[in-house]
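A quick write-up on the structure given underneath.
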């Protein structure tokens, strides 16, 4: 028995066929029906996913960007991933290059969906130990922002560093600002070296006292381990 395509995918494929056949006659009624059908579906997905982003662009800008996106339809079979293809397309085509903070808003909105939609293996929480090795959990991301998205000052330029992770207790995706040193430490962490060894190297490189660094970083690392953002 052959696998059937999802109805929505069939509609999209049919729409692409019609576009190919009717390039010279855009007033064709069938073309218009399918175009509107696919447009409204994509608009719904994009508006639902990119809530913050949509607050900062006009309806006209959104409509134009979606129609441009429809000319290069996504290949993903998963409806929820269409939004990510739109995000990448908008940035690649530089549709909002006069307002670059919009690209970061797109990421901010998207990453919450991506982290939430995936399934994760259970992680056992153990006490934090400097002599053990840790790394970023599959349910977490590190991200450098150039605009103050976290404080909703979207247009203000400010380099800031976030760890974004799924919180198992609240069943939510949390955004937490961390300092640059902790950001680099987590980014360099791996299962081959103890976190203390990595910290020692960073302290030497940045001329920072090791014991002072350990004292400052202990609680944040302990909290991130307890939250399963690192493991």
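The values are calculated or read from the model by the stated rules, or taken from the named source; none is laboratory data. Because the structure is a prediction, the values reported are computed rather than measured. Here Cβ is always computed from backbone atoms with ideal geometry, including for glycine, and neighbour counts include all displayed protein chains.
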Report summary line: Screening 128, 108 for residues that are closer than 30 Å to residue 215 by Cα and at pLDDT 95 or above leaves only 128
**Report entry** Unique match (being more than 28 Å from residue 100 (Cβ to Cβ) and surrounded by fewer than 18 Cβ atoms within 10 Å (Cβ to Cβ)) among 174, 202
**Finding:** 202
Query raised in the report: Only one of (1) assigned to a helix (DSSP H, G or I); (2) surrounded by fewer than 16 Cβ atoms within 10 Å (Cβ to Cβ); (3) touching a strand residue (DSSP E or B) at 6+ places or on another chain (Cβ under 6 Å) is not met by residue 211, so which one is it?
Result: (3)
**Report entry** Count - residues of the stretch 170-203 that are in contact (Cβ under 8 Å) with a residue 60 or more places away in the chain, farther than 15 Å from residue 217 by Cβ and under 27 Å from the mean Cα position of the chain (by Cα)
**Finding:** 2
Query raised in the report: Considering the stretch 177-193 alone, what residues qualify as being surrounded by 17 or more Cβ atoms within 10 Å (Cβ to Cβ) and out of contact with any helix residue (DSSP H, G or I) (no Cβ under 8 Å at 6 or more places or on another chain)?
Result: 183
Query raised in the report: In the stretch 136-149, what residues are surrounded by fewer than 17 Cβ atoms within 10 Å (Cβ to Cβ) and not in a strand (DSSP E or B)?
Result: 138
**Report entry** Residues satisfying the stated conditions in the stretch 173-208, i.e. farther than 20 Å from residue 160 by Cβ and part of a helix (DSSP H, G or I)
**Finding:** 195, 196, 197, 198, 199, 200, 201, 203, 204, 205
Query raised in the report: Which number in (1) under 21 Å from residue 224 (Cα atoms); (2) free of Cβ contacts under 8 Å to residues at least 40 places away in the same chain; (3) not in a strand (DSSP E or B) marks the one condition that residue 107 misses?
Result: (1)
Requested in this report: Using the structure shown, decide if residue 63 is buried (at least 17 other Cβ atoms within 10 Å of the Cβ), at pLDDT 95 or above and either assigned by TED's automatic domain parsing to the domain that holds residue 46 or over 18 Å from residue 39 (Cβ atoms) (or both).
Outcome: no
Requested in this report: Specify the residue that is surrounded by the fewest Cβ atoms within 10 Å (Cβ to Cβ); the eligible residues are those in the stretch 66-100 that are assigned to a helix (DSSP H, G or I) and more than 18 Å from the chain's Cα centre (by Cα).
Outcome: 67
